[in-house]
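**Student:** This structure is in structure tokens; I'll ask about it shortly.
The values are calculated or read from the model by the stated rules, or taken from the named source; none is laboratory data. Keep in mind that what you see is a predicted model, and the values were worked out from it rather than measured. No Cβ is skipped: glycine too gets one built from the backbone with ideal geometry, and neighbour counts run over all protein chains shown. Ligands, DNA and RNA are stripped out before the accessible areas are found, and what is left, the full protein with its side chains, is counted by its heavy atoms. Shrake-Rupley method; radii C 1.70, N 1.55, O 1.52, S 1.80 Å.
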Amino acid sequence: MGTGIWAMHSIGMEAFRLPIPVLYDWPTVLLSLVAAVLASGTALWTVSQRGLKQAQIVYGSIAVGGGIAAMHYIGMDAMRLPAICEYSPWLVTLSVLDAMVISFAALKMGYSLRTRVPAGGWRKTGAAVLMGAAISTMYFLGMAAAKFKPVAAMQGGLDHAVRVSTLVVLCIVLVALMLLCVVFLSARLNRVFSEQEEQLEENQVLVAAIFDNMTEGVVVMNGEGKIVVRNKAANRLLGIGAEEQDYGAVTRQFEAFHLDGSLVSPENWPTARALRREYFQNYAIRLRNKKTGEMGAREISTSPMPRRPGGEFQVLVTYRDTTQRWIVDEARNRLASIVESSEDAIIGKDVHGFITSWNRGAERVFGYRSEEMVGQSVRRLLPPELEEEEDDIQERMLRGETMEHFETKRVTKARKLIHVSLTISPIRDGAGKVVGASKIARDITEKRHLEQQLHQSQKLEALGQLTGGIAHDFNNLLGVVMGNLDLVERQVEEQPVVRKRVKNAQEAVTRGAELTRRLLAFARQEELRAKPTNLEHCVKNVLELAGRTLGAEIRVSAHTDPELPAVQVDENRLESAILNLLVNARDATPKGGSLSITTSSRVLDQGHATVQSGEIAAGTYARLSISDTGSGMTAETLARAVEPFFTTKERGKGTGLGLAMVYGFVKQSGGALSIYSEPGIGTNITLYLPFAEVPAGVLEETQASPARDIHGIKVLVVDDEEGLLEIATTYLLEAGYKAIQARNGRDAMDMLKKQPDIALLMTDIILGDGMNGVALVQRAKEISPSIRFLYCSGFPADALADLRVLVEDAPLLNKPYQRAEFHTAVERAIN
């Protein structure tokens, strides 16, 4: 800049023409160049200041303007010519002021345009033209201030005077232009470099900000495991302080685990392996803080850092915190595991009813594999008659409704119809739009079966209650008829025709008594004399008796376990039940077939149908199974098989009490009965019987008591049925006893108080005045502790629970009874 101003001055001086020769003192000319350079330097230094103030611009403009004026007048002083130069004071002053004003404008403009206006802009170009014109104006004002007066000789020293030729001027111009070009290029380059430096600084600041604000931890280590550079995220993720330089502090603070939970030793950490030139990308690892026990997840990537030849080996390690994703993945995996391991079918479907997910529970319930159902319509599972049901489900799903415990039917892969309970919930996207549904299907077929069994059991229980009551009343009537027939029989011994009719009536009464016995067996109100019984012997005995009955067309096979422990049942009733089942099997195979009898031990757990339905307690039982290859039973027949009087046989060929009696006997014995049948295939009937606590065949040895003299022994007979009361009194009197009658418990108590020598109390269990036979016996013991007693009853339903206790405490005479049974029971009770 100074050289350009000086060149302008020099060229201007050369343009000055005088009619005399002019020489120039070159040292003085160089001094004027120094003045120009100093002025330019002052100007540039001033505008380069940060936050330049107005006063600083004024001081700078005085220095710069004075320097330019000094350059001009020093250049004028370098002239050597035969004349004296005089100056106009006011023009000199005006030129100096002009230089200072020009400098002020130049400094202010240069400072204001330093950064806000791009290089080469029209404002900077205009400013340069303005400054050049202003400096030229100052120069011509200076020249106008000079007045030359000719003299005879050259003025000033001529030792260093030189003549400035056109060539010199040209060289000055070229040098000035070259210098200006160099300056321009330098300025341009300087600006470029400055901009690059500023950009570099900005980039460094930006990179530093990004580096420190990254969520991923970044660590640079040297070959010795020392931390060279790390960001704030690395400090946070690794739990190390800003002053810590040893990476070993991380391994001392944390334990690392693989995804499978196995421990990672410190020498096998990805960072340690990276120092051995083994690199990884997104290596998943779990970190546990040894102090706090906090568990976190990280993904570690390692790579070598680029280096100059001979430079230090360094490793770049990045850490990504994946704890939240790990927690979500773990929760998702646990949920997926729960869904997959669920016993229920969990199915996902879209809004069009096409299946999108299918768990193992669905495979178990419906039989289809996942690849067979995903992408298929859910209608594939519907029976034809329920096609419209899915349309209703789809409509409710699209409305966002939830269906809970909706019971319906579905079809499995094996085309089996099952009962299911459905819970259907809509699935929504982020915007709340229904995009599908999740369906939980629970197979309740077994539950329905158990409910039906329970319903059947309750129905049979109700029938038993009704049947027991009817049989009890019927027994009382039969007892009156039977007793009177016995009495009449002796009075008509001389009349054969009448006696024959009495015998026929007695046989009818006996058949009626057997019928009521079967009814009581079904109602579980029959007297059972349970004892340890060998099941194998019972089966053999029945097969020997039923051999001819079954016929040659039926092939019978028995597979009994001789080591099977004894069962606690009434042996006679068990053989009768087996015989009933064999006869039913024979009737089911009129054209011949096979019949199989097996015995074994069976453990019934909580999952067994009979245990779940409450028919029997879990435990170990003897299993007696009778199977035939007969016609089988339909589901409707099977549901009513054990109902009394229900039969599929022709009229007159069955009473319908066979299975009912077996059912009642097994239930009363503490066991259970199970029937399985398929039409056209056959039937299997299984009896589960309780084991005895003592082995079969072990009998208690008892010494027979000596016969007691019964003449005159008082027996109190208590019964609310007048006919039975009269018959019992007659039988007693015939045998030599002294009989006393009472119609109810209150009368009986009066008799006991009045006649304390009563030896035997014979009472019905149910008495009309509200005091039952059990309470009467207990009151009688209080009055006469030595009194003997005998129960007589048809086992009504409301005394069943007490009855089982009574059978153990005292003898029991079943109604209706015959004379011989009556006398035997009384003798046992007396003795």
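**Student:** Being open to solvent by 30 Å² or more (accessible area, probe 1.4 Å), modelled with pLDDT of 80 or more and hydroxyl-bearing (Ser, Thr, Tyr) is the filter here, so list the residues in segment 572-596 that pass it.
**Tutor:** Ser594, Ser596
**Student:** Which of the residues belonging to segment 359-390 are surrounded by 18 or more Cβ atoms within 10 Å (Cβ to Cβ) and among the β-branched types (Val, Ile, Thr)?
**Tutor:** Val365, Val378
**Student:** Checking Ser265 against (1) surrounded by 11 or more Cβ atoms within 10 Å (Cβ to Cβ); (2) within 19 Å of Asn289 (Cβ to Cβ), which test does it fail?
**Tutor:** It is condition (1) that Ser265 fails.
**Student:** Only one of these is open to solvent by less than 30 Å² (accessible area, probe 1.4 Å) and either modelled with pLDDT under 90 or among the hydrophobic types (A, V, I, L, M, F, W, C) (or both): Ile766, Ile727. Name it.
**Tutor:** Ile727
**Student:** Could you count how many residues in segment 291-345 are touching a Ser or Thr at 6+ places or on another chain (Cβ under 6 Å) and either free of Cβ contacts under 8 Å to residues at least 60 places away in the same chain or at positive phi (or both)?
**Tutor:** Going through segment 291-345 one residue at a time, the tally reaches 4.
**Student:** On to the next question. Please find, among Pro706, Pro679, Pro644, Pro690, the residue that is at pLDDT 75 or above, of a type outside the set (Gly, Ala, Ser) and more than 24 Å from Val539 (Cβ to Cβ).
**Tutor:** The unique qualifying residue is Pro679.
**Student:** Further, regarding this structure: For segment 218-250: of the residues being more than 21 Å from Arg276 (Cβ to Cβ) and of a type outside the set (A, V, I, L, M), which is surrounded by the most Cβ atoms within 10 Å (Cβ to Cβ)?
**Tutor:** Residue satisfying both the conditions and the ranking: Asn231.
**Student:** Given the conditions (1) at pLDDT 75 or above; (2) surrounded by 14 or more Cβ atoms within 10 Å (Cβ to Cβ); (3) part of a helix (DSSP H, G or I), report the number of the one that Lys108 does not fulfil.
**Tutor:** Failing condition for Lys108: (1).
**Student:** Okay, moving on. Quick test for you: out of Thr302, Thr356, pick the one residue that is of a type in the set (S, T, N, Q) and open to solvent by less than 70 Å² (accessible area, probe 1.4 Å).
**Tutor:** Of Thr302, Thr356, the one residue that is of a type in the set (S, T, N, Q) and open to solvent by less than 70 Å² (accessible area, probe 1.4 Å) is Thr302.
**Student:** A further question follows. Residue pairs, Cβ under 7 Å, 6 or more apart or interchain, first in segment 660-686 and at positive phi, second at pLDDT 80 or above and not in a helix (DSSP H, G or I). List them.
**Tutor:** Correct list of pairs: Gly670/Pro690; Gly680/Ser631; Gly680/Gly632; Gly682/Ser627; Gly682/Asp628; Gly682/Thr629; Gly682/Gly630; Gly682/Gly632.
**Student:** Could you count how many residues in segment 91-105 are touching a residue at least 12 places away in the same chain (Cβ under 8 Å) and either closer than 12 Å to Met143 by Cβ or surrounded by fewer than 16 Cβ atoms within 10 Å (Cβ to Cβ) (or both)?
**Tutor:** 5
**Student:** Any residue at all in segment 736-745 that is assigned to a loop (DSSP other than H, G, I, E, B), under 16 Å from Ile787 (Cα atoms), modelled with pLDDT of 85 or more and open to solvent by 20 Å² or more (accessible area, probe 1.4 Å)?
**Tutor:** Within segment 736-745, not a single residue is assigned to a loop (DSSP other than H, G, I, E, B), under 16 Å from Ile787 (Cα atoms), modelled with pLDDT of 85 or more and open to solvent by 20 Å² or more (accessible area, probe 1.4 Å).
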